[in-house]
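Novice: Okay, handing you the structure first.
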Amino acid sequence: ELTRLNTMGELAAGIVHELNQPLTAIMSYNQAAVRLINQQDPQRVPELLDAAVVQIKRIDALLSQFRLKLTSRRAEYQSVDLAPLWLRVCELLDNEIRAAKVRLSSHIPQDLPPLLAPPLWVEQILHNIASNAIQAQSANRPGSAWLHLQAEQIDGGIGLTLTDGGPGLSSEALEQVFMPFYTTRADGVGLGMALTDTLVQRLNGTIDASNIPGHGACFRLWFPLQQEENNGTVHLVN
């Protein structure tokens with residue numbers, strides 16, 4: 001019973017963290033749509049409502065994932081194409097990207113093999129890292145915020161490197177960034193990177209954080225190329 005209570009507490013905290021961003025974005029899009037309607041300038045309203053619908057669908061997917069944790073059903077592994085998935089992450093964070101004027105760039109080779117993983121897991125991993133990078137650059141001078149994703153095939157797997165133009169991680173943050181409830185923000189829950197680390201481990205991957213001199217934070221991830229799920233256990237395919 002105590003284990004179940006602890007699990008429910010973890011799930012509840014995770015839901016609070018993961019739903020905060022899409023709910024904030026939905027409110028922003030709807031407020032902008034109402035403002036344009038009141039100003040009799042409705043041209044952009046359909047675009048804003050479509051963006052809100054994308055966020056609502058993400059909430060539905062996140063809740064389905066949390067529901068999955070409470071049942072015996074297994075996550076569905078699929079071939080994940082990183083290029084369109086990264087575009088979706090950027091679309092989900094569009095509200096924050098525009099507000100912080102973050103320049104996005106990426107290098108994902110066209111011949112990069114697909115990952116075999118639950119797509120939402122990979123999306124959450126990249127979403128949480130990108131969201132933190134954007135927030136870390138909120139105090140940057142105008143036009144200086146940026147975020148870059150580099151993908152490559154390496155060591156029998158796929159390596160992803162995300163770098164940004166923020167202030168980097170403090171020595172304390174470098175040691176505790178993946179610890180549950182560790183946060184440097186007054187309103188932060190401190191679960192984003194802990195959840196990210198958990199998902200990476202469930203995909204038999206690795207993740208580490210560092211700083212790039214003269215730039216900001218750097219997160220390096222590695223995932224094995226091929227995996228298969230059998231009887232609830234994920235096995236590497238040689």
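No value in this document is a laboratory result; all are computed from the given coordinates. Only a predicted model underlies this, so the values are computations on that prediction, with no experimental measurement involved. Positions of Cβ are generated from backbone atoms using ideal geometry, with glycine treated the same way; all protein chains shown enter the neighbour counts.
Novice: What is the sum of charges around residue 21, taking Lys and Arg as +1, Asp and Glu as -1, for the other residues whose C-beta is under 11 Å from the C-beta of residue 21? Spell out each step's value before the answer.
Specialist: Numbers: positive: 58; negative: 18, 96.
Within the 11 Å Cβ shell, the charges total -1.
Novice: Can you check how the C-alpha radius of gyration of the chain compares to 2.2 N^0.38 Å, as a plain ratio?
Specialist: Rounded to two decimals, the normalised Rg is 1.05.
Novice: Taking amide H atoms as placed 1.01 Å from N in the peptide plane, list the residues 5 or more away in sequence, or in a different chain, whose amide H sits under 5 Å from that of residue 80.
Specialist: 115, 116, 117
Novice: Can you show me the helix-derived [θ] at 222 nm for the chain, built from DSSP H runs with n ≥ 4 at -39,500 (n - 2.57) apiece and divided by the number of residues, rounded to the nearest 500.
Specialist: Numbers: 7 runs with 115 residues, N = 238.
The helix contribution divided over the chain gives -16000 deg cm²/dmol.
Novice: Whole-Hz ³J(HN,Hα) for each residue in segment 156-172, computed from phi via Karplus 6.51 cos²θ - 1.76 cosθ + 1.60 with θ = phi - 60°, x for glycine and proline: what do you get?
Specialist: Taking θ as phi minus 60°, the curve returns x, x, 10, x, 10, 10, 10, 10, 9, x, x, x, x, 9, 5, 4, 5 Hz for segment 156-172.
Novice: Among 25, 139, 173, determine the one that fluctuates most according to a GNM of the chain built with springs between C-alpha atoms less than 10 Å apart.
Specialist: Answer for the Gaussian network model of the chain: 139.
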